[in-house]
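> Have a look at this one.
The values are calculated or read from the model by the stated rules, or taken from the named source; none is laboratory data. None of these values were measured; they are calculated from a predicted model. Quick reminder, even Gly has a Cβ in these numbers, built from the backbone with ideal geometry, and neighbours come from all protein chains shown.
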Amino acid sequence: MQSVKLRRIVPQLALVGLTSVLAAGCLLEAVVPSSGSDCVTTVSKTITIATKPADPPMDLRLQNCRIDVDACTDLCALAMQRANIQGAPTKCSATFDGDLVSLGVSYQVANNNGSCGFADDVQPSNAGGGI
Amino acid sequence: MITRITTGLLLAFAVVGCADGEQPSPNPPPSWGVPITGGTMIVTRDGNHAIIADPDRDRVVSFDLATNTVVADIALQPNDEPGRLVEDAAGRIHIALRRGGALLTLADATSGQIAGRRPVCAEPRGVAFDSATDLVHVACTSGELVSFPAAGGNAVRSLRLDRDLRDVIVSGTGLVVTRFRTAEMITLDAQGVIVTRAQPPVVKRFDFSGGGGGGLGSDGMIDAVPTVAWKAIPLTDGRIVMSHQRQLKTVLETKTPSGYGGDCGQSPVEASIAVLTPGSLTPTAPPRAAKNLVSGALPVDIALNGAGDTIAIAVAGNHTVHQFRTTTLAMEDQDTGCGGGGGGDDVGIPIDDQLGAPTAIAYAGNKLVIYYPELPAVVVHDGNSAKTAVLPGGLGYDSGRNLFHTQTRVGLACASCHPEGREDGVVWDFGTQGGIRRTQNLGGHILDRSPYHWVGDEADLPKLMDDVFGIRMGGGDVTRSQKLSLGPWLDRIPAPAAVPPIDATAVARGQQLFESSETGCVGCHNGAILTTNARVDVGTAGIFKVPSLVGVGARPPFMHSGCALTLTDRFSAICGGGDKHGHTSQLTPAQIADLVAYLESL
């Protein structure tokens, strides 16, 4: 009986939840299983932002990304920063859909395994620059 | 059933969300913007308006600092490139049109009414207002210093000084003029007579590259020589503070991953501040190198606050603005060691608004106003608070332009050695990897001048970018967009303007000689840009690509090694290749002078 109720409720909750976070303008969702070595794990996530953010730095990078796919890395980097994700994107894709932009980002995190020493920093291209 | 439908809807939503979205453009947009020059904004004396010259969009914007709104947006002619500006006693705004060759005057700060447009020279740069004489002075790259009545009318004085003039500053009854590439300061008296010349001092740096170089002492120290003077402004006591660069006289060996940065990332070009005393002040103090307050590439602008106790410097290469007390200018220069200078801020932390490269700064009282051209936006910093206003005009984006002005991990940008898209007049020692080489000029039909570098070993710009930016400068991977964009963007930068001829008949005689079979110059220097792009041995110790001669007079020293300080030297026994480089040994000194007059006119 409880199992039947759950089967009814969970998808509805998922739909409501998904709609809510999209409406809020920012969705953080793991879409690809993590992978990597013993020392470093590659994490992939989707970050969704509004296409007209009230955030001039984000707006600048968003506009740049729309007209030049190679500029999207900077957008992903800032979106990660805004989402309190440490590190630099190792992969970045963007899809503009109405009022929202979905950013597929991958980045590496150190596993803090004692035998690994310091994790290598992942540097974006043109290190030292910004946008 | 409901579960299946709901799950199906969810899946459909996800699929639609992924599949139907618009993808970013795979190809970069058309070229946008001009090289960063810095110093293109003022705040009016009453502190109410920021007047922004926007060379990237050929317009002038008046921004009300109280209401955070644009009150005037004045469209100029295409390629006018408005630059430095100044307010006169009547509240008129005078703007040097860098490429438009004119002085534009706005009736006031708010109405948007253009009161006049007066031709000045091919490339006006600095502009200053003298309240005692009610004159506006304009300095030109071709060496003219022209004075206009502020209220309108023709020039009342035109002096011919050295080429490459930059800022002009009123100093007592005289004027101070800076020169861009040499960072020289020239003091003129009220009659326009040169009183003194001064330059920021050469300082010592430890050579972390280990390569040695010119001036390397037994203590491992090398010379750091003043170059590119981005901006100079007066302090309240009449002294001049200059934001400029220094060239470290090391040997540039490529050591990955830091490239020219050597083992510790020491940039061969550093941001510097100098304090100079105009010659008319008594007692005259020698130029001083102030403490190395900022690090990073392209210190393009400097501003003094209303109280005169705080200075800000905009570093375009790392997108920061630094503030510090003017009292720190009294601190002596010191070698800040591996990784460059900085750390001298005493007014908060460096500002990074994350809006790209700041190109202009000014104070409204103690509020710091920063202009960012790309969005475009103005950010007003007041203590710990900051207000951002996005200006009309639309996004400006060019990945080639961005790359050109972005510093790499060693603190070096393309524009460090090619300021304003041209060159810094510096001779470098590339050691075993290239020998002595003068920085090459990029302005003027760059896409028609392949292959690149003195020996023509770089077939095209994308190859050059991988080698020079990616490896030598430690910049890492260059994107496809950057490779597609940089060439077309650079190609829009004109060659330096020629100097107006003093003796047109000498120029004509020189042209005749140049084009004669007797000298044979046109055998290699022909066509629209005066080069065949061939690689030739002209007796200068190697095979070199024939350089274009368009704008040649503006870029001493000459030849690949910079061995000729003047064009006349090129025809002397000092260097130049003798009769293997044209046939000119038979020419009389007067004929050489004619030939030089012609070359100066190109």
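> Which one is farthest from the other protein chains (Cβ to nearest Cβ) among residues in segment B:455-478 that are under 19 Å from B:THR532 (Cβ atoms) and either of a type in the set (A, V, I, L, M) or surrounded by 21 or more Cβ atoms within 10 Å (Cβ to Cβ) (or both)?
B:VAL455
> Take the residues in segment B:390-403 that are outside any loop (DSSP other than H, G, I, E, B) and more than 9 Å from chain A (Cβ to nearest Cβ), then tell me which one is surrounded by the most Cβ atoms within 10 Å (Cβ to Cβ). Before you say what the answer is, go through the steps one by one.
Here is the first cut: in segment B:390-403, the residues outside any loop (DSSP other than H, G, I, E, B) are B:390, B:399-403.
Narrowing the set further to residues that are more than 9 Å from chain A (Cβ to nearest Cβ) leaves B:400-401.
Details: B:GLY400: 25, B:ARG401: 27.
Ranking the qualifying residues of segment B:390-403, first place goes to B:ARG401.
> Exactly one of these conditions fails for B:LEU447: (1) farther than 18 Å from B:GLN247 by Cα; (2) among the hydrophobic types (A, V, I, L, M, F, W, C); (3) in a helix (DSSP H, G or I); (4) in contact (Cβ under 8 Å) with a residue 60 or more places away in the chain. Give me its number.
With respect to (1) farther than 18 Å from B:GLN247 by Cα; (2) among the hydrophobic types (A, V, I, L, M, F, W, C); (3) in a helix (DSSP H, G or I); (4) in contact (Cβ under 8 Å) with a residue 60 or more places away in the chain, B:LEU447 is out only on (4).
> Also, quick follow-up: Could you tell me whether segment A:82-89 includes any residue that is closer than 18 Å to B:SER399 by Cα and either in a helix (DSSP H, G or I) or more than 8 Å from chain B (Cβ to nearest Cβ) (or both)?
Looking for residues that are closer than 18 Å to B:SER399 by Cα and either in a helix (DSSP H, G or I) or more than 8 Å from chain B (Cβ to nearest Cβ) (or both), one finds none in segment A:82-89, hence no.
> A further question follows. Can you tell me how many residues within segment B:521-559 are buried (at least 21 other Cβ atoms within 10 Å of the Cβ), assigned to a strand (DSSP E or B) and of a type in the set (D, E, K, R)?
Residues flagged as buried (at least 21 other Cβ atoms within 10 Å of the Cβ), assigned to a strand (DSSP E or B) and of a type in the set (D, E, K, R) within segment B:521-559 amount to 1.
Conditions (1) at pLDDT 95 or above; (2) crowded, with 21+ Cβ neighbours inside 10 Å; (3) in the same structural domain as B:ALA330 (by TED's automatic domain parsing); (4) not β-branched (Val, Ile, Thr), marked per residue:
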position	(1), (2), (3), (4)
B:LYS204	no, no, yes, yes
B:ASP219	no, no, yes, yes
B:ILE222	no, yes, yes, no
B:VAL228	yes, yes, yes, no
B:ILE240	yes, yes, yes, no
B:LYS249	no, yes, yes, yes
B:THR254	no, no, yes, no
B:GLY261	no, yes, yes, yes
B:SER267	no, yes, yes, yes
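> Within segment B:60-73, does at least one residue satisfy the condition of being within 14 Å of another protein chain (Cβ to nearest Cβ) and either under 28 Å from the mean Cα position of the chain (by Cα) or over 20 Å from B:PRO149 (Cα atoms) (or both)? Write out each step before concluding.
First, the residues of segment B:60-73 that are within 14 Å of another protein chain (Cβ to nearest Cβ): B:68.
Next cut, either under 28 Å from the mean Cα position of the chain (by Cα) or over 20 Å from B:PRO149 (Cα atoms) (or both) only: B:68.
Checked segment B:60-73: at least one residue is within 14 Å of another protein chain (Cβ to nearest Cβ) and either under 28 Å from the mean Cα position of the chain (by Cα) or over 20 Å from B:PRO149 (Cα atoms) (or both).
> Going through segment A:101-131 one residue at a time, which ones are modelled with pLDDT of 95 or more and within 10 Å of chain B (Cβ to nearest Cβ)?
The answer is A:VAL101, A:SER102, A:GLY104.
> List the residue pairs whose Cβ atoms are under 7 Å apart, where the first residue sits in segment B:450-473 and is within 17 Å of B:HIS405 (Cβ to Cβ), the second is surrounded by fewer than 16 Cβ atoms within 10 Å (Cβ to Cβ), and the two are 6 or more positions apart or on different chains.
Within 7 Å, the pairs are B:GLY470/B:ASP477.
> Acidic (Asp, Glu) and closer than 23 Å to B:ARG438 by Cβ - does that describe any residue in segment B:534-549?
yes
> Please enumerate the residues belonging to segment B:353-374 that are closer than 21 Å to B:PHE404 by Cβ and either surrounded by fewer than 23 Cβ atoms within 10 Å (Cβ to Cβ) or hydroxyl-bearing (Ser, Thr, Tyr) (or both).
Once the filter is applied, which keeps residues that are closer than 21 Å to B:PHE404 by Cβ and either surrounded by fewer than 23 Cβ atoms within 10 Å (Cβ to Cβ) or hydroxyl-bearing (Ser, Thr, Tyr) (or both), segment B:353-374 yields B:ASP353, B:GLN354, B:THR359, B:TYR371, B:TYR372, B:GLU374.
> To continue, here is another question. Given (1) more than 22 Å from the chain's Cα centre (by Cα); (2) surrounded by fewer than 18 Cβ atoms within 10 Å (Cβ to Cβ), identify the lone condition not met by B:LEU599.
Single failed check for B:LEU599: (2).
> Then there is this: Looking only at segment B:404-416, filter to residues that are in contact with a Ser or Thr (Cβ under 8 Å, 6 or more places away or on another chain) and surrounded by 24 or more Cβ atoms within 10 Å (Cβ to Cβ); which one of those is farthest from B:GLU123 (Cα to Cα)?
Our first condition is that a residue be in contact with a Ser or Thr (Cβ under 8 Å, 6 or more places away or on another chain); within segment B:404-416, this holds for B:407, B:409-413, B:416.
This time we only want the ones that are surrounded by 24 or more Cβ atoms within 10 Å (Cβ to Cβ), so: B:407, B:410-413, B:416.
Numbers: B:GLN407: 27, B:VAL410: 33, B:GLY411: 29, B:LEU412: 27, B:ALA413: 24, B:SER416: 21 Å.
Of everything passing the filter in segment B:404-416, B:VAL410 is farthest from B:GLU123 (Cα to Cα).
> Moving on. Can you tell me how many residues within segment A:41-81 are more than 11 Å from chain B (Cβ to nearest Cβ) and more than 26 Å from B:PRO373 (Cα to Cα)?
Counting residues in segment A:41-81 that are more than 11 Å from chain B (Cβ to nearest Cβ) and more than 26 Å from B:PRO373 (Cα to Cα) gives 6.
> Moving on. Report, by residue number, each residue of segment B:137-151 that is part of a strand (DSSP E or B) and either under 23 Å from the mean Cα position of the chain (by Cα) or at pLDDT below 95 (or both). Full working, then the answer.
In the first step, residues of segment B:137-151 are kept if they are part of a strand (DSSP E or B); the result is B:137-140, B:144-149.
Across segment B:137-151, the qualifying residues are B:HIS137, B:VAL138, B:ALA139, B:CYS140, B:GLU144, B:LEU145, B:VAL146.
> Sticking with this structure for a sec: Any residue at all in segment B:360-372 that's among the hydroxyl-bearing types (Ser, Thr, Tyr), part of a loop (DSSP other than H, G, I, E, B) and closer than 29 Å to B:ARG246 by Cα?
Scanning segment B:360-372, I find no residue that is among the hydroxyl-bearing types (Ser, Thr, Tyr), part of a loop (DSSP other than H, G, I, E, B) and closer than 29 Å to B:ARG246 by Cα, so the answer is no.
> Also: Return the residues of segment A:90-100 that are surrounded by 18 or more Cβ atoms within 10 Å (Cβ to Cβ), at the interface with another protein chain (Cβ under 7 Å from one of its Cβ atoms) and not β-branched (Val, Ile, Thr); say none if nothing qualifies.
A:ALA94, the sole residue that qualifies.
A quick yes/no check of all residues on (1) more than 22 Å from B:ILE240 (Cβ to Cβ); (2) not in a strand (DSSP E or B); (3) not assigned by TED's automatic domain parsing to the domain that holds B:THR227:
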{"residue": "B:GLY116", "(1), (2), (3)": "yes, no, no"}
{"residue": "B:ALA122", "(1), (2), (3)": "yes, yes, no"}
{"residue": "B:PHE129", "(1), (2), (3)": "no, no, no"}
{"residue": "B:GLY153", "(1), (2), (3)": "yes, yes, no"}
{"residue": "B:ASP162", "(1), (2), (3)": "no, yes, no"}
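> Can you find a residue in segment B:494-505 that is modelled with pLDDT under 95, aliphatic (A, V, I, L, M), farther than 21 Å from B:VAL552 by Cβ and surrounded by fewer than 19 Cβ atoms within 10 Å (Cβ to Cβ)?
The answer is no, given that none of the residues of segment B:494-505 is modelled with pLDDT under 95, aliphatic (A, V, I, L, M), farther than 21 Å from B:VAL552 by Cβ and surrounded by fewer than 19 Cβ atoms within 10 Å (Cβ to Cβ).
> Can you name the condition, by its number, that B:SER416 falls short on among (1) without any contact (Cβ under 8 Å) to a residue 24 or more places away in the chain; (2) touching a helix residue (DSSP H, G or I) at 6+ places or on another chain (Cβ under 8 Å)?
The one condition B:SER416 does not meet is (1).
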